[in-house]
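Structure record follows, encoded as structure tokens.
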Amino acid sequence: MTSELFTTQKTSGILHSGESLVLPQIVFALATEMTQVQVTVPRVEIAAEELKVEEKQRVFGVIPNFYVSYIPNAAPLASKQKFQLAWRSTIDPVNFVLTGAIAGVQQADNTFSGYGQGAQGYAKRYGASYADFAIGTFIGSAILPSLLKQDPRYFYKGTGTVRSRVFYALANSVICKGDNGHWQPNYSSILGSLAAGGISNAYYPAQNRDGAGLTFENALIGIGETAATNLLQEFVIRKLTPNAPDPQPAAP
């Protein structure tokens, strides 16, 4: 005999011809209810925790190294988190110091001569350098990645042959991981470089503006710089970043 609410009970016996069988009282026990609970953490919360770790990554414990993930299958960033990372990078004190150093070198070489020399010339070079950095970061790493649903970070490989890692690093200068986890052309970075270069014509001295030619040239230079940075990320910077988490193997 069976019942959905009770456990199964079985009684057996052998009756011979002319015999009768008296069954003992049958007591059904209530069936134990089996419940499975699955807890799923929203991806945006996972990304938030991973982002906290990335914002602590600094080369030599000083220079920001925020735009690299040592988790190959890291949760995609929400638009708000992409802007958060861009803002965190642009207001980092170390980047203000680096911008000052770049402006100093430009001053010494009289780069962008239209700015002149002296304190005023240095201030203009500093403002232009910081504007290049901030505009490029927000357009290429926040605005376009949000619109195109692309991830602005470099995903550290860390495994495989040297040749495969070199190819991976170079390829990541023109491709990126989408928010859907698939690799795709890095429109965000390329278009971001072009847009930032075009905007810079609004504040660079008239005699130092070379129009579209310089904009495309700078975009190509930017791709080359990204490739070089990726190679350093893959083979050098990880070892120099004390707060970087241990790299995790990608899921098969």
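The values are calculated or read from the model by the stated rules, or taken from the named source; none is laboratory data. Nothing here was measured: the structure is a model prediction, and the numbers come from that model. Positions of Cβ are generated from backbone atoms using ideal geometry, with glycine treated the same way; all protein chains shown enter the neighbour counts.
Give me the pairs: first residue in the range 73-99 and closer than 15 Å to Glu55 by Cα and touching a residue at least 40 places away in the same chain (Cβ under 8 Å), second residue of a type in the set (Lys, Arg) and assigned to a loop (DSSP other than H, G, I, E, B), beta-carbon distance under 9 Å, and six or more apart or on different chains, which are they?
Ala74/Arg153; Leu77/Arg153; Leu85/Arg153
With respect to the numbered conditions (1) more than 29 Å from Val236 (Cα to Cα); (2) surrounded by fewer than 14 Cβ atoms within 10 Å (Cβ to Cβ), which one is the sole condition not fulfilled by Ala101?
The number of the failed condition is (1).
Just name the residue that is nearest to Pro245 (Cα to Cα) out of those in the range 73-87 that are touching a helix residue (DSSP H, G or I) at 6+ places or on another chain (Cβ under 6 Å) and assigned to a loop (DSSP other than H, G, I, E, B).
Ala74
For the range 153-172, enumerate the residues that are out of contact with any Phe, Trp or Tyr (no Cβ under 9 Å at 6 or more places or on another chain), assigned to a loop (DSSP other than H, G, I, E, B) and over 19 Å from Ala74 (Cα atoms).
Hit for the range 153-172 is Thr161, nothing else.
So how many residues does the range 147-159 have that are at pLDDT 95 or above and surrounded by fewer than 20 Cβ atoms within 10 Å (Cβ to Cβ)?
So the answer is 3.
Could you tell me whether Lys124 is of a type in the set (D, E, K, R) and touching a residue at least 60 places away in the same chain (Cβ under 8 Å)? Working first, answer last.
On the way: of a type in the set (D, E, K, R): yes; touching a residue at least 60 places away in the same chain (Cβ under 8 Å): no.
It is false that Lys124 is of a type in the set (D, E, K, R) and touching a residue at least 60 places away in the same chain (Cβ under 8 Å).
Residue by residue through the range 88-121, note down the ones that are part of a loop (DSSP other than H, G, I, E, B) and either modelled with pLDDT under 95 or among the charged types (D, E, K, R) (or both).
Asp92, Asn110, Thr111, Phe112, Gly116, Gln117
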